[in-house]
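Novice: Here it is, the structure in full.
Derivation of every value follows stated rules applied to the coordinates shown; laboratory data play no part. The shown structure was predicted, so the numbers you read here are calculated from the model rather than taken from an experiment. Cβ coordinates were reconstructed from backbone atoms using ideal geometry, including for glycine residues, and neighbour counts include every protein chain displayed.
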Amino acid sequence: MTSPRHGCAVLLGLLLSLAGAKGQFSFADPNAVRSVSGQFVVSSASAGPSFFRNPAIAADTNVLRLEPALLAVAAERFKISLWRQLGLASDAPWSGKVFLVLHPARALDETVTVASEPFINHWNYRVEFPAALAKTRYARALSAVLLLEIANRTAKSDSHGAEVPAWLVDGFAQQVLAADGERVLLSAPAKKTGGLPVSRLDQTEHDFDPLAAARRVLQNLPVLTFDQLSWPTEAQLDGADGGAYFASAQLFLHDLLALKNGPEKLRTLLAELPAHLNWQTAFFTAFGDDFKRPLDVEKWWALRVVNFATRAPGPRWTTEASRDRLAELLSVPVEFRNGSNALPDHAEISLQAALQHLNPVQRDEVLRTKLRDLALVELRLAPPFGDLADGYRLALAGFLGEQKMPAPVSVTNKRAATMNRKASLAATLKKLDALDRRRREAEAHAVIPLPGNSKAGSPGS
């Protein structure tokens, strides 16, 4: 196991590095700007190089140009928005100071460093920002340091401090941007007109769906599972997956907040983090009334994802796209080795082969993922592929015992409560074979429209 401090750095990936600091944070800059609450102290290095004057940077609406006075205001607003979602009053007391240090940007993908330092009876924090950076990096850095400050209020000065899960950091970052984006994104003027600085204003309509951006992303990309959210890859943290990780993290957090006493349980999770070596233990302590084990979370999350998708399924795909998407969902990627020292080869197997040859743990994990994905696309598949997807989903649910079936009539002629009844392997294979025959017939008789003749969408639209 890695050390706690190193673990934090790995946790937040390339975009945000958490490091332990030695010695008390101090600044000799007499021009440092303090926020209205006094929690944020912002200082700046020398003026930026020609990188700032790059026309492409000035025109990029996704880039923030940070200045001390604006950052002091924006950070305070970001804190209030995040606290509000956690159920904390805007004037609630805080514990640790946050020193925000700006330095000339060298690249737009520059790492943002967050350092935590125990000091007497509290912790202080230092965030080193490049003076020009993407909005996502800015938001996740502020989210990380604010959640750390809350979590470490219960940490002893000689302890390892809190390890905040990445999905919680990014979930809150996206929630704050969705709720108060134009208030927490204060960018310095990029140019002058008539000798006067001109600022860009990004206006967000609050009509108000905080998940609107997540819907646009997840309309065509798969939602991450709980296990995937727990261990995001560097590419996902970098946004190279099309934003699926960020959107999934926001949706997951949004639905946790919607649970009974959700904000209170999230505050409990943060308070528990310093007492545990991994955040999963703290999570199940805080949400023990809702989840006893990871499988409970996965089942709940799968239902939440399906409900989310059915509220706004998006346009129906073309017949050709529907055929290809369903065929893709019905295959199972596997790795195999021809020898103990051979490199792994990749192959695709059928659902029937997965049922027969995978071990029970792998098999059930694959089937539950297929259940969720089939439910997500069912309403977007063109006829008859939508009905076929429903048939495959019901067959898999029956095998897993997750299809509720009516219980037999009792001797008192009253129907008992519904019960879960698992279908046998032989019966499930027979159903899947029959569905495969229907699918091949549908593919043979499908009318594939010529390009430009259909107004339906495709998985990329």
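Novice: Grab the other residues whose beta carbon is less than 12 angstrom from that of S350, score K and R as +1, D and E as -1, and report the net.
Specialist: Cβ neighbours under 12 Å give a net charge of -1.
Novice: Hey, can you rank 215-222, 160-167, 245-252 by average C-beta count inside 10 Å, highest first?
Specialist: Values: 215-222: 17.9, 160-167: 22.9, 245-252: 26.1.
Top of the packing list down: 245-252, 160-167, 215-222.
Novice: Using a ≥ b ≥ c from the Cα gyration tensor of the stretch 107-152 (square roots of the eigenvalues), is it rounded, prolate or oblate, where a/c under 1.5 gives rounded and otherwise the larger of a/b and b/c decides, a/b for prolate?
Specialist: Values: a/c = 4.13, a/b = 2.13, b/c = 1.94.
Prolate.
Novice: Pairs to check: K79/K292; K79/K299; K156/K292. Give those whose C-alpha atoms are more than 30 Å from each other in this structure.
Specialist: Those over the limit are K79/K292; K79/K299.
Novice: Taking square-rooted eigenvalues a ≥ b ≥ c of the alpha carbon gyration tensor, is the stretch 228-278 rounded, prolate or oblate, where a/c under 1.5 means rounded and, failing that, a/b exceeding b/c means prolate?
Specialist: Because a/c hits 1.5 or more and a/b fails to exceed b/c, the stretch 228-278 counts as oblate.
Novice: In bins 10 Å wide, starting from 0, what share of all Cα pairs of the stretch 62-111 does each bin hold, as a percent?
Specialist: P(r) over the stretch 62-111, rounded to whole percents: 19, 44, 29, 9.
Novice: Order 299-309, 256-266 from most to least packed using the mean count of other Cβ atoms within 10 Å.
Specialist: The densest-packed peptide leads the list: 299-309, 256-266.
Novice: May I ask you to evaluate 6.51 cos²θ - 1.76 cosθ + 1.60, the Karplus curve with θ = phi - 60°, for each residue of the stretch 276-281 and list the ³J(HN,Hα) values in order in whole Hz, giving x for glycine and proline?
Specialist: 10, 7, 9, 6, 4, 4
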